[in-house]
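Down below is the structure, laid out as structure tokens.
The values are calculated or read from the model by the stated rules, or taken from the named source; none is laboratory data. In this text, all values refer to a predicted model and were calculated from it rather than measured experimentally. Glycine gets a Cβ as well: all are built from the backbone with ideal geometry, and neighbour counts include every protein chain shown.
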């Protein structure tokens with residue numbers, strides 16, 4: 001699996017996954033909005049000239065499709081596509097100004113995941129090599145969290161969408177993998193003002209994620225301790241869940257994503 005296309009590659013989980021796969025000898029397509037960050041990352045990777053950079057907003061489907069087509073043409077296909085771009089911002093339904101943020105979160109976390117995978121499906125169907133489409137969910141998508149309605153909804157949607165896609169592509173030998181990170185020490189979590197149990201470094205996350213992807217596991221929470229928590233949360237009756245989480249700390253709101 002030597003041809004890997006990653007969105008959200010300029011920082012956080014995307015950058016960590018790019019480093020992991022480049023260290024394994026893969027050619028990595030690096031996709032994000034910030035050229036300076038992508039160029040800096042590419043310069044740090046082994047054989048930087050092998051890794052194409054695509055500067056775009058993942059909600060721009062035409063630009064994303066063009067980047068996918070270029071990567072396929074350069075590499076003769078793709079083995080792994082990871083839709084890692086995401087927004088994590090608090091929202092409250094009562095504030096009209098949060099609607100634009102809500103829309104941006106859904107567009108980036110859900111719509112762009114679909115748009116990232118779509119250009120690769122036909123090519124992967126024609127390949128003889130093992131192929132993976134990887135969606136990045138979240139433990140926050142297991143149950144709705146107060147103050148995080150948009151984010152929780154988007155990550156729940158990613159999981160269910162990937163489940164549907166998994167069934168569609170299973171007859172063609174394409175594995176669809178959903179990875180739900182717990183708390184990972186990235187810029188996205190830096191602003192959290194509440195405790196983050198089982199906090200993991202991006203490098204450790206990327207190494208475990210790469211093993212999960214190689215195995216073609218359908219769904220995995222990383223780290224495993226948060227997987228146990230997620231299973232318990234699913235089992236809680238609503239009345240118990242509500243009592244435990246009604247006063248849970250909220251994600252910080254922002255006027256814009």
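Details
- For the range 1-49, filtered to residues that are free of Cβ contacts under 8 Å to residues at least 24 places away in the same chain and within 25 Å of residue 222 (Cα to Cα), the residue that is surrounded by the most Cβ atoms within 10 Å (Cβ to Cβ) is 23.
- Being more than 11 Å from residue 10 (Cα to Cα), out of contact with any helix residue (DSSP H, G or I) (no Cβ under 7 Å at 6 or more places or on another chain) and either surrounded by fewer than 22 Cβ atoms within 10 Å (Cβ to Cβ) or in contact (Cβ under 8 Å) with a residue 60 or more places away in the chain (or both) is a description that does not apply to residue 86.
- Residues in the range 102-122 that are in contact with a strand residue (DSSP E or B) (Cβ under 6 Å, 6 or more places away or on another chain) and under 20 Å from residue 175 (Cα atoms): 113, 116, 117, 120.
- Counted residues, the range 125-139 - those being outside any strand (DSSP E or B), under 20 Å from the mean Cα position of the chain (by Cα) and surrounded by fewer than 23 Cβ atoms within 10 Å (Cβ to Cβ): 1
- Filter result for residue 167 (part of a loop (DSSP other than H, G, I, E, B) and either over 26 Å from residue 56 (Cβ atoms) or out of contact with any helix residue (DSSP H, G or I) (no Cβ under 9 Å at 6 or more places or on another chain) (or both)): no
- Filtered residue count, the range 95-124, keeping only those that are without any contact (Cβ under 8 Å) to a residue 40 or more places away in the chain and assigned to a helix (DSSP H, G or I): 3
- Within the range 22-49, the set of residues being outside any loop (DSSP other than H, G, I, E, B) and touching a helix residue (DSSP H, G or I) at 6+ places or on another chain (Cβ under 7 Å) comprises 27, 28, 29, 30, 31, 32, 41, 42, 48.
- Residues (outside any helix (DSSP H, G or I) and closer than 18 Å to residue 71 by Cβ) located in the range 1-21: 1, 2, 3, 4, 5, 6, 7, 8, 9, 10
A quick yes/no check of all residues on (1) out of contact with any strand residue (DSSP E or B) (no Cβ under 8 Å at 6 or more places or on another chain); (2) surrounded by 13 or more Cβ atoms within 10 Å (Cβ to Cβ); (3) over 16 Å from residue 138 (Cβ atoms); (4) modelled with pLDDT of 95 or more:
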| position | (1), (2), (3), (4) |
| --- | --- |
| 186 | yes, yes, no, no |
| 193 | yes, no, yes, no |
| 198 | yes, yes, no, no |
| 209 | no, yes, no, yes |
| 241 | yes, yes, yes, no |
| 244 | yes, no, yes, no |
| 256 | yes, no, yes, no |
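- Residue in the range 69-77 that is farther than 18 Å from residue 186 by Cα and buried (at least 24 other Cβ atoms within 10 Å of the Cβ) present: yes
- Residue in the range 70-90 that is within 20 Å of the chain's Cα centre (by Cα), more than 24 Å from residue 177 (Cβ to Cβ) and modelled with pLDDT under 95 present: yes
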